[in-house]
Amino acid sequence: MAPDTVSLRYFLVLAQELNFTRAAARIGIAQPALSARMRRLEAELGTALLVRNTRSVVLTTAGAALAESAPPALAALDRAWDTARSAAAGELGTLRIGYSLSTGAETAPALVDRLIRGNSGLEVGAVPMATPEISPAVADGRIDAGITRGEQPGRGVRRFLLRRARIGVQLAQHHPLAEHPEIEIADAAAYPLRLPDRAANPVIHDQLSALFRDTRPHPRFHTPAVSFDMSQRDLRDGVTLAPAGEAAATAQPAGLTWRPLRGAPSLTIHLVLPREQSPLHRRIRAVAKTLAHELQWLPN
């Protein structure tokens, strides 16, 4: 039979007070009710725990042993309950996040940091992935969540809008267009434009190239020889431009800058979760929603 933990906790109070009247007052119940509880506890154990007299209580050998061994057992039980509640609330476990490299400058680190700081029971690991691989990895369980740019296709997942960002261009500080606070799309189209490799990210490649669909003459597009060259060597010629979201402005290599494109649509960043969601997935979504609100990632 499972022990009556309520009666056991009452017994520990009585073992400290050694007086039914004081123990009952401390617990907040009537003295007869406490006496009845103690009799039932002794009946369950099959032994006397207390020697009663008119003024005080004395612990038997069994009672003293129980008073010594019960507190750590109850503390362990409390921890087990807390662990179960934390798991049910999505506050416990291992969380694997895959993110597009293009979200690694700001969005992904901010979400990972918030998850770690707000949930001490979570072990969070985040790895960069090729954007087209993220949704399939979420769907088949290789990762728990993904952060991607654009409306990436994929079955078995749900996407939640996490952020809207302005589209602009990265360029050298000595580029002729760098003197403008905003750049016209037609003006940018007059220069060579570096786009991400379409094989690596077709959605973003097509979205960025579509910005210049109506410009005449058509711009000269090219893809970098080295994907995600952190030094951005090809932009240092003072001629080439690279369409990019505004997060690029926060992590510019020396000698480069970022300017918004006037009239360009927003670039979207999405949180990708499996269609069937666990408490852990719901926790990720709740934290992401709060973070997006606090950092104004989704302006009206």
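Numerical summary
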quantity	calculated
Cross-chain or 6+ apart pairs with Cβ under 9 Å, region 282-295 first and over 13 Å from Phe160 (Cα atoms) and in contact (Cβ under 8 Å) with a residue 40 or more places away in the chain, then among the basic types (Lys, Arg) and surrounded by 19 or more Cβ atoms within 10 Å (Cβ to Cβ)	Leu295/Arg163
Qualifying residue in region 205-215 (condition: part of a loop (DSSP other than H, G, I, E, B), touching a Lys or Arg at 6+ places or on another chain (Cβ under 7 Å) and either over 26 Å from Thr107 (Cα atoms) or not assigned by TED's automatic domain parsing to the domain that holds Ala108 (or both))	no
Test for Arg213: is it loosely packed, with under 14 Cβ neighbours inside 10 Å and in contact with a Phe, Trp or Tyr (Cβ under 9 Å, 6 or more places away or on another chain)	no
Qualifying residues in region 94-108 (those that are within 12 Å of the chain's Cα centre (by Cα) and at pLDDT below 90) - the one surrounded by the fewest Cβ atoms within 10 Å (Cβ to Cβ)	Thr94
Within region 116-149, tally of residues that are over 13 Å from the mean Cα position of the chain (by Cα), under 26 Å from Pro265 (Cβ atoms) and part of a strand (DSSP E or B)	4
Checklist (1) at positive phi; (2) exposed (fewer than 13 other Cβ atoms within 10 Å of the Cβ) applied to Arg155, failing item	(1)
Residues of region 163-204 satisfying the condition of being under 30 Å from Leu291 (Cα atoms), of a type outside the set (D, E, K, R), in a loop (DSSP other than H, G, I, E, B) and modelled with pLDDT of 85 or more	Pro181, Leu195
Complete set of residues in region 247-300 that are in contact with an Asp or Glu (Cβ under 9 Å, 6 or more places away or on another chain), closer than 20 Å to Arg159 by Cβ and of a type in the set (Val, Ile, Thr)	Thr268, Ile284
Residue among Arg40, Arg79 that alone is touching a residue at least 24 places away in the same chain (Cβ under 8 Å) and of a type in the set (D, E, K, R)	Arg40
Ile204 out of contact with any Ser or Thr (no Cβ under 8 Å at 6 or more places or on another chain) and buried (at least 20 other Cβ atoms within 10 Å of the Cβ)	no
Qualifying residues in region 238-276 (those that are assigned to a loop (DSSP other than H, G, I, E, B) and buried (at least 16 other Cβ atoms within 10 Å of the Cβ)) - the one nearest to the chain's Cα centre (by Cα)	Ala264
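The values are calculated or read from the model by the stated rules, or taken from the named source; none is laboratory data. Keep in mind that what you see is a predicted model, and the values were worked out from it rather than measured. Cβ: placed from backbone, ideal geometry, glycine included. Neighbour counts: every protein chain shown.
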